[in-house]
Amino acid sequence: MPLSNRSTLTQYLIEQRRRFPGASGELNALLLDVSLACKAIARAVALGELGGSSGDVELAGGAINVQGEVQKKLDVLSNEVFIRRNEWSGHLAGLASEEMAEPYQIPANYPRGKYLLVFDPLDGSSNIDVNVSVGSIFSILRAPDEVIQTGRDVKEADFMQPGSTQVAAGYALYGPTTMLMLSVGNGVAGFTLSCAACPTT
């Protein structure tokens, strides 16, 4: 890749972290995990039918998400990618998704952290079969002190926080190019995925 003055996501996160000398770096690591999930979803979306993940979920009686929408195979796959890429690192106390009726608990064999991740893993998936842009939306919140101190399982009320309490938020757009738009409380930054960085597995 030729040298340029453009910042990578990692460089941007390091620069933002320098604004808070006492920061642990956990938020940076969590955001990089989220970006890895978005890269994997971008690949699945790009493969379309060739990847075998197009169409509706085939379950008895169909599969409906919490918004009352029919789930697509890519909805379920994207949700699983977000969970697997983020549950293990020790940065999260729990996750909540449009594709799950209840918050996702961090498995007992993984450490728990101080953040909550809320996401729609594949917004606009009902349009996927006609090759329209789709995306992932996410928000990062601090877990309530009680959750951190007691280690109790998260519940829906823990995620019901004012928008002003968000630590970071953003979306990935999967179209002709994959873009990640991100705010960590100091404006909004945009990043374009380089094909050289696309995951192969």
Next item on the list: Might you work out the accessible area of residue 193 for me, using a 1.4 Å probe with all protein chains in place, and round it to the nearest 10 Å²?
Entry: 40 Å²
Margin query: Can you work out the Karplus-derived ³J(HN,Hα) for every residue in the range 141-158? Use 6.51 cos²θ - 1.76 cosθ + 1.60 with θ = phi - 60°, whole Hz, and x for glycine or proline.
Written below: 10, 7, 5, x, 3, 4, 5, 5, 6, 9, x, 5, 5, 6, 10, 3, 4, 5
Next item on the list: Output ³J(HN,Hα) for the range 30-39: one whole-Hz value per residue in order, computed from phi by the Karplus curve 6.51 cos²θ - 1.76 cosθ + 1.60 with θ = phi - 60°, and x for Gly and Pro.
Entry: 5, 5, 5, 5, 4, 5, 5, 4, 5, 4
Check: If the cut-off is 16 Å between C-alpha atoms, which lysines fall inside it for residue 114, apart from same-chain ones fewer than 8 positions away?
Finding: 155
Item checked: Nonlocal amide H pairs with residue 71, under 5 Å, H built at 1.01 Å -> 57, 63, 64, 65
Note to self: Under 5 Å between amide hydrogens, which residues at least 5 positions from residue 99 or on another chain qualify, with H placed 1.01 Å from N in the peptide plane?
What the structure shows: none
Next item on the list: Using only protein heavy atoms and a 1.4 Å probe, report how much of residue 153 is accessible, in Å² to the nearest 10.
Entry: 80 Å²
Next item on the list: Determine ³J(HN,Hα), in whole Hz, for all residues of the range 9-20 in sequence, where each value follows from phi through the Karplus function 6.51 cos²θ - 1.76 cosθ + 1.60 and θ = phi - 60°; x replaces Gly and Pro.
Entry: 4, 4, 4, 4, 5, 5, 4, 5, 5, 4, 5, 10
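Want the number for residue 186 to residue 148: 0.36 nm per residue separation, take away the alpha-carbon distance, what's left?
Numbers: separation 38, 0.36 × 38 = 13.68 nm, distance 2.61 nm.
So the chain would gain 11.1 nm between residue 186 and residue 148.
How much length is gained on full extension from residue 105 to residue 47, taking 0.36 nm per residue of separation minus their Cα-Cα distance?
17.8 nm
The values are calculated or read from the model by the stated rules, or taken from the named source; none is laboratory data. Not measured: the values here are computed from a predicted model. Calculation scope for accessible area: heavy atoms of the full protein, side chains included, ligands and nucleic acids excluded. Shrake-Rupley method; radii C 1.70, N 1.55, O 1.52, S 1.80 Å.
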